[in-house]
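The structure under discussion appears below in the form of structure tokens.
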Amino acid sequence: MRNLIYSINLTTDGCCDHTRIGGSGETLEYVLNLFQEVDLQIFGRKTYELMVPYWPDVANDPAEDAESIAFAKAFVALNRIVFSRTLKNIEEKHTNIVRANLKEEVLKLKQQPGKKILVGGVSVPEQLIELGLVDEFRFVVHPMIVGKGRRLAEGISLPERLNLKLVDSKALPSGAVALHYTK
């Protein structure tokens, strides 16, 4: 069975609002390495619309820095599924819209042959955590306190506490820490 990985950047006070965190070359490099483990990404509509067309445009912009272009090209090459009831159509060749039951569809995807599956964003991953379908958690915790913004797991209602096992941790030069947990 394929593992489902949830990966997100957050601040030390738990904020996962990308407009408050920003990004860096080292964060892109961390996720680029993660891309080597996966062959499918899952998004909800909002996250998808943040990522596309931004990263495909970066992939084709020679004025961008080398880290951003490498990340963008790897992002564009991955297959994607967008769970949405409102998105009309997608013209990307590697992306499909799924309107069916999230739990049933993800269970089917996990049974198919292939590498791991990566889920990004907040709403869809929260639903998948509640359903018990996320196998690995990859958090990059940035050394900042922002005091406001969307918090990780603020919309989750679990029947019991989810205890995680630390598999790996890596301090990045900026002071951010990459944490890898499993259930």
Problem set entry | Per residue solvent-accessible surface (Å²) - segment 26-141, probe of 1.4 Å | 51 Å²
Problem set entry | Rg followed by Dmax, in Å, when the chain is reduced to its Cα trace | 16.0, 49
Exercise. Roughly how big is the chain's charge dipole about its Cα centre, with Cβ charges of +1 (Lys, Arg) and -1 (Asp, Glu), in debye to the nearest 20?
Worked result: 660 debye
For this session: Order the peptides 30-37, 76-83 from the highest to the lowest mean number of other Cβ atoms within 10 Å of their residues.
Result: 76-83, 30-37
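Using helices alone, what [θ] at 222 nm do you get for the chain, with -39,500 (n - 2.57) per DSSP H run of 4 or more residues, divided over all residues and rounded to the nearest 500?
Working: 7 runs with 58 residues, N = 183.
Calculated at 222 nm, the ellipticity per residue is -8500 deg cm²/dmol.
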For this session: Within 10 Å, count the other beta carbons around each residue, average over each peptide in 44-55, 145-156, 88-99, and list them highest first.
Result: 44-55, 145-156, 88-99
For this session: Give the percent of DSSP beta bridges with both residues in the chain that are antiparallel, rounded to the nearest 5.
Result: 35 percent
Exercise. Put +1 on the Cβ of each Lys and Arg and -1 on the Cβ of each Asp and Glu in the chain; which of THR12, GLY155, VAL141 then has its Cα farthest toward the positive end of the dipole?
Worked result: GLY155
Exercise. How many percent of the accessible area of segment 107-162 is carbon or sulfur, using a 1.4 Å probe?
Worked result: 54 percent
Exercise. Between Rg and the Kirkwood Rh of segment 64-149, both from Cα atoms, what is the Rg to Rh ratio?
Worked result: 1.00
Seminar exercise, completed: Computed ³J(HN,Hα) along segment 52-69: with the Karplus parameters 6.51/-1.76/1.60, θ = phi - 60°, integer Hz and x for glycine or proline, the list is 10, x, 3, 5, x, 5, 4, 4, 9, 10, x, 7, 6, 6, 4, 5, 5, 5
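The values are calculated or read from the model by the stated rules, or taken from the named source; none is laboratory data. In this text the structure is predicted, and so the values were computed from the model without any measurement. Quick reminder, even Gly has a Cβ in these numbers, built from the backbone with ideal geometry, and neighbours come from all protein chains shown. Surface accessibility is based on the protein's heavy atoms, side chains included, excluding ligands, DNA and RNA. Shrake-Rupley method; radii C 1.70, N 1.55, O 1.52, S 1.80 Å.
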